[in-house]
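**Q** Sharing a structure below in structure tokens format, with a few things to ask.
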Amino acid sequence: MTLSKSNGGLGIRDIQAFNDAYLAKISWRLKENPDCLLGRILLSKYCPDGNLLTCSAPSAAPHGWQSILVGRDLLAKNLGWIVGNGDSIKVWNDAWLTLDSPCRPMGPATRESAELTVKDLILEETGEWNRGLIQTILPFEEERILNLQPSTKGAPDALKWLGTRTGEYSVKSGYYTAMAEVTDEILEGEPTPEFDWKKTVWNLAVAPKVKMFMWKCLRGILPVGERLLARHININPACKRCGNSESINHLIFHCPFAREVWDLAPLDGRFGISGLTDLRADWTEFQAQKCLPPTGLSSSPIVPWIIWGLWKARSRYVFETFAGTPADILSQAIVAAKEWASAQEKKAKCSQKIPEQTSRALGTIARSDAAWSETTKNAGLGWTVTSREQRTMLKKGIGFTPSALVAEGLELKESVATCSSHGVKEALFESDSSQLISAINGDNPPLELYGIVEDIHIIASAFDDVVFGWISRERNEEADLLAKNALRLYEQEVVVALMPPPN
């Protein structure tokens, strides 16, 4: 059975996915801490070679160990390598090309390159990518590889869970992975076009329950009449409001009640609901519609909340015979969206109240900032170094920078390296990126910052006293201007380099 409760509760397949996700948590603990008591007992008996990810269950293995291996199999499907020095990663056999999902180069490999490690693609002198060799061996993957940030100081590679931003496994992310496999089985034989789940579902500024609900809608596993009948549930598949066959698209778009709701919706767009036939095909453009003033919603999308409201109204009509009105459904959706958005703003303000570090009478204060172009993926780095004797201002332009956070990390790394090369032993490093400072001072940086943070720690270990602190943007204007100037000059140089020579 695949039946779920009509109020969005758990079904049999959901429970199985949860079970697998919890089992994967045990496997993750064994992988991360094989010397714990449980690891010493189980791995020594059932996994003598020490590699949990490749071992198989002996014929006489108990049910408990076989269950752990079920979780291990789920875990292994979403693990990927984060490049440090590249020594542990096989170019052709391991998943290392992206931080979003396990991805390895397409073969076949030549005899000469079959045993290469990622370390062979990195210049030994500088720790940067060997573009010439990459263009020879993996020309179609050059851009993706250059967007990765390896460690230039020899930090080890890390095998991480790609379902979370920090690479740490969570049951929630494991459940999403398990449910994706379940719905692939349910939808077997149906077309599955390319779809950016991360951008158009999981990264939406809506409540987690609404994200999960939209994921079920787009996967086609919402328990409406047609879907239940297809799963051999003996029910009447007709819409309780209008009598037509109840599909997900009918519930959201074509039921007269739903159309009245959309007609009242204050959407900033010319999206004709009557012409929509497939939620998944139209979702990318549909969900991006903004809410018109004066509703008070500027950042949070309203479309998912309206669809969620339609589903709740359908449930109340089926189980409580409460009809409601389109105006009420729309009003409740807007109120729910505003309340959630307001709560997130309060939460963000509280989290941003990071106390600024004082100089603690340290000899040197270095402030840094970055400017980043989302279009070109270029970045400008700017940093100032102030000591008792002098003040130095530096800037640098770079390409192949995948995000603003990576740019901020690279500029802080340059700042630390500058002070180290000049023999500085005591320094306060300041940045206006609270996320970067938290990553430096914490234990689990985002995956995209792994190599950068490791390098900063390695360089900073030579200092006698070093502090990484947050500074407000207003107090960091000088580094900000340097960074913006560096980006502008760098992009001008790139444009000149790309211009064809005169005839």
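**Q** If you scan the stretch 34-54, which residues turn out to be assigned to a loop (DSSP other than H, G, I, E, B), without any contact (Cβ under 8 Å) to a residue 12 or more places away in the chain and surrounded by 13 or more Cβ atoms within 10 Å (Cβ to Cβ)?
**A** CYS36, CYS47
**Q** Also: State all residues of the stretch 429-459 that are farther than 22 Å from ILE122 by Cβ, of a type outside the set (Val, Ile, Thr) and surrounded by fewer than 23 Cβ atoms within 10 Å (Cβ to Cβ); if no residue qualifies, say none.
**A** Within the stretch 429-459, the subset farther than 22 Å from ILE122 by Cβ is 429-444.
Cutting the leftovers down to of a type outside the set (Val, Ile, Thr) gives us 429-436, 438-439, 441-444.
Of everything in the stretch 429-459, those that are farther than 22 Å from ILE122 by Cβ, of a type outside the set (Val, Ile, Thr) and surrounded by fewer than 23 Cβ atoms within 10 Å (Cβ to Cβ) turn out to be ASP432, SER434, GLN435, SER438, ASN441, GLY442, ASP443, ASN444.
**Q** Name every residue in the stretch 102-151 that is surrounded by 15 or more Cβ atoms within 10 Å (Cβ to Cβ) and touching a residue at least 60 places away in the same chain (Cβ under 8 Å), in order of residue number.
**A** First, pick out the residues of the stretch 102-151 that are surrounded by 15 or more Cβ atoms within 10 Å (Cβ to Cβ): 102-105, 109, 113, 116-122, 127, 129-130, 133-134, 137-138, 141-142, 144-151.
Selection gives PRO102, LEU146, ASN147, LEU148, GLN149, PRO150, SER151.
**Q** Take the residues in the stretch 1-33 that are loosely packed, with under 14 Cβ neighbours inside 10 Å and part of a loop (DSSP other than H, G, I, E, B), then tell me which one is modelled with the highest pLDDT.
**A** ASN33
**Q** Let me ask another. Identify the single condition in (1) closer than 24 Å to SER173 by Cα; (2) more than 29 Å from the chain's Cα centre (by Cα) that PRO62 does not satisfy, given that it satisfies every other one.
**A** Going through the list (1) closer than 24 Å to SER173 by Cα; (2) more than 29 Å from the chain's Cα centre (by Cα), PRO62 breaks only (1).
**Q** What number goes with the only condition from (1) surrounded by fewer than 20 Cβ atoms within 10 Å (Cβ to Cβ); (2) in contact with a Leu (Cβ under 8 Å, 6 or more places away or on another chain); (3) of a type in the set (Gly, Ala, Ser) that ALA417 does not pass?
**A** All conditions pass for ALA417, except number (2).
**Q** Quick check on this structure: which one of GLU474, GLU411 is buried (at least 16 other Cβ atoms within 10 Å of the Cβ) and assigned to a helix (DSSP H, G or I)? First the steps, then the outcome.
**A** On the way: GLU474 fails: buried (at least 16 other Cβ atoms within 10 Å of the Cβ).
Every option except GLU411 fails the conditions.
**Q** Shifting gears a bit: Out of SER420, SER373, report the one residue that is touching a strand residue (DSSP E or B) at 6+ places or on another chain (Cβ under 8 Å) and either modelled with pLDDT of 95 or more or not β-branched (Val, Ile, Thr) (or both). Break it down stepwise before answering.
**A** On the way: SER420 fails: touching a strand residue (DSSP E or B) at 6+ places or on another chain (Cβ under 8 Å).
It is SER373.
**Q** On the given criteria, is VAL91 surrounded by 13 or more Cβ atoms within 10 Å (Cβ to Cβ), outside the structural domain of SER56 (by TED's automatic domain parsing), without any contact (Cβ under 8 Å) to a residue 40 or more places away in the chain and of a type in the set (A, V, I, L, M)? Explain how you work it out, then say what you get.
**A** On the way: surrounded by 13 or more Cβ atoms within 10 Å (Cβ to Cβ): yes; outside the structural domain of SER56 (by TED's automatic domain parsing): yes; without any contact (Cβ under 8 Å) to a residue 40 or more places away in the chain: no; of a type in the set (A, V, I, L, M): yes.
Here the answer is no, as VAL91 does not meet what is asked.
**Q** Name the residue, out of ALA427, ALA439, ALA479, that is without any contact (Cβ under 8 Å) to a residue 60 or more places away in the chain and of a type in the set (Gly, Ala, Ser).
**A** Values: ALA427 fails: without any contact (Cβ under 8 Å) to a residue 60 or more places away in the chain; ALA479 fails: without any contact (Cβ under 8 Å) to a residue 60 or more places away in the chain.
Being without any contact (Cβ under 8 Å) to a residue 60 or more places away in the chain and of a type in the set (Gly, Ala, Ser) holds for just one of ALA427, ALA439, ALA479, which is ALA439.
**Q** Let me ask you something else. Restricting attention to the stretch 235-259, and to residues there that are farther than 15 Å from GLY309 by Cα and in contact with a His (Cβ under 9 Å, 6 or more places away or on another chain), which single residue is surrounded by the most Cβ atoms within 10 Å (Cβ to Cβ)?
**A** The qualifying residue surrounded by the most Cβ atoms within 10 Å (Cβ to Cβ) is CYS239.
The values are calculated or read from the model by the stated rules, or taken from the named source; none is laboratory data. Just so it is clear, the model here is predicted, and its values are computed rather than measured. With ideal geometry, Cβ positions are generated from the backbone for all residues, glycine too; neighbour counts draw on all protein chains shown.
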